[in-house]
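Report on one structure; see the data block that follows.
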Amino acid sequence: MRSGKIVNVYSRFLGVKYHKLHRPYYLLSSIVRRLRVVSLQAVEMATVWSEKMLQLLRKMNNFHSPGSSRTRCLRFMVADQQVGWILPQMAAILRNFPDAFDPPSDGVLSLSSRLDTHSKRSEEVERVLQSLRRSDALTCLKGWRDERYDVMARYCDVPLMSMERSATSLFGVRRYGVHINGFCRSADGGLRMWLARRSATKQTYPGRLDNLAAGGLAAGMSVGDTALKECEEEACIPAAIAVKARSVTTVSYTYEEEEGIFPESQFVFDLELPADFQPRVGDGEVQEFYFLPMDKVKELLVGGDFKPNCAMVVLDFLIRHSCIEPDTEPYYQEFVTGLHQTL
């Protein structure tokens, strides 16, 4: 490119007439002004990203927000332990099953005390749920999974009963899952992440972006065994590689929707994969995988294409690996707090 053409390019970039570029004062001031504009644009884009991320965290923790249904919910008690929250409209439905539930009193709805063993509680609640399922009164039961979740006050407690997965939100009981971040580190230390796109036939969030592998923690399953199972089933990751996944944290939040309360905690693993490894579609819950640099992953987080809790797991990864730092992210503290709420 000739010098004249080069000057013309700079002239257009700096917004200065051609002949003034030959004057040092105009050239310097134009460069400073242009850099200031570019800097302000970058700050504005970063601020928009931060605001969108904060909005997602607030939505996923809306049960704790002013104006939520929390003050109207009844505490769900089993064997004198609070294991969940029940919306008033659901409590009214459960009045029709006096053999299973005591009448609401003082903001509490209790499973009948005559149901004094794990099996009795599980079987009686199953009977109630099957009755409600046949009535088509509750939309969430149309997605019946035939998969049971343990019900207990805390993860470390002995389960008091088990319950059909699709019904857990009706009782606001804690749900646990396992999510695996698959990533590679380049020679220069840069990170790239494997993301999955959910099958278009999934009951929830079809076609959305997801972590490399993830799944709910079924009754009787350990966290580690679930991680290995999901790696193999969803991404065809051999056990010899999957066992290298490191348990790193939990991501916890509580949100509410029309038909219930969702207190959830995800056990998070990081799995550093060989540079030449490529996951393959396994059980059909995933339609394809993407291998992306972290800047692109970060951009996608706020684009509305992610399953929300999976976006939270990736945000946590970005923070732990210093892709997001407190000196450059104004909402750093809010992000950390929003990822680790008490259930």
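The values are calculated or read from the model by the stated rules, or taken from the named source; none is laboratory data. Bear in mind the structure is a predicted one, so any value in this text is a computation, not a measurement. Note that each Cβ is placed from the backbone with ideal geometry, even for glycine, and that neighbours are counted across all protein chains shown. Quick note on the areas: whole protein, heavy atoms, side chains included, nothing else; ligands and nucleic acids left out. Shrake-Rupley method; radii C 1.70, N 1.55, O 1.52, S 1.80 Å.
Inside the stretch 146-186, can you point out the residues that are on the phi < 0 side of the Ramachandran plot, part of a loop (DSSP other than H, G, I, E, B) and either crowded, with 24+ Cβ neighbours inside 10 Å or at pLDDT below 95 (or both)? Matches in the stretch 146-186: VAL173, SER186. Checked across the stretch 315-325, the condition of being more than 22 Å from GLY177 (Cα to Cα), open to solvent by 50 Å² or more (accessible area, probe 1.4 Å), touching a helix residue (DSSP H, G or I) at 6+ places or on another chain (Cβ under 6 Å) and not polar (S, T, N, Q) holds for at least one residue.
Residues of the stretch 134-142 include none that is within 30 Å of VAL243 (Cβ to Cβ) and assigned to a loop (DSSP other than H, G, I, E, B).
Report whether or not LEU109 is crowded, with 21+ Cβ neighbours inside 10 Å, in contact with a Gly (Cβ under 9 Å, 6 or more places away or on another chain) and not small (Gly, Ala, Ser). No: the conditions fail for LEU109.
Anything in the stretch 329-343 that is touching a residue at least 60 places away in the same chain (Cβ under 8 Å), open to solvent by 60 Å² or more (accessible area, probe 1.4 Å) and either among the polar types (S, T, N, Q) or under 16 Å from LYS59 (Cβ atoms) (or both)? List them, or say none.
Within the stretch 329-343, GLU334, THR342 qualify.
Can you tell me which residue in the stretch 202-219 is nearest to PHE63 (Cα to Cα), limited to those that are in contact with a Gly (Cβ under 8 Å, 6 or more places away or on another chain) and not in a strand (DSSP E or B)? Looking at the filtered set, the residue picked out is THR204. Of the numbered criteria (1) open to solvent by 40 Å² or more (accessible area, probe 1.4 Å); (2) under 28 Å from the mean Cα position of the chain (by Cα); (3) among the charged types (D, E, K, R), the one ARG198 fails is (1).
Only one of (1) closer than 24 Å to LEU228 by Cβ; (2) open to solvent by 20 Å² or more (accessible area, probe 1.4 Å) is not met by ASN309, so which one is it? Failing condition for ASN309: (2). Please state which one of ALA91, ALA196 is touching a Pro at 6+ places or on another chain (Cβ under 9 Å), part of a helix (DSSP H, G or I) and among the aliphatic types (A, V, I, L, M). Matching residue, one of ALA91, ALA196: ALA91. Evaluation of PHE291 against the conditions (1) open to solvent by less than 20 Å² (accessible area, probe 1.4 Å); (2) in contact with a strand residue (DSSP E or B) (Cβ under 8 Å, 6 or more places away or on another chain); (3) not acidic (Asp, Glu) shows that the sole unmet condition is (1). Tell me whether the stretch 131-141 contains one or more residues that are of a type in the set (Val, Ile, Thr), within 18 Å of GLU258 (Cβ to Cβ) and in contact with a Phe, Trp or Tyr (Cβ under 8 Å, 6 or more places away or on another chain). Within the stretch 131-141, none of the residues are of a type in the set (Val, Ile, Thr), within 18 Å of GLU258 (Cβ to Cβ) and in contact with a Phe, Trp or Tyr (Cβ under 8 Å, 6 or more places away or on another chain).
Which of the residues that make up the stretch 112-137 are in contact with a strand residue (DSSP E or B) (Cβ under 9 Å, 6 or more places away or on another chain) and open to solvent by less than 40 Å² (accessible area, probe 1.4 Å)? Residues satisfying the conditions are SER112, LEU115, ARG121, SER122, GLU124, VAL125, VAL128, LEU129. Looking at PHE63, PHE76, just one residue is touching a Phe, Trp or Tyr at 6+ places or on another chain (Cβ under 8 Å), in a helix (DSSP H, G or I) and in contact (Cβ under 8 Å) with a residue 12 or more places away in the chain, and that residue is PHE63.
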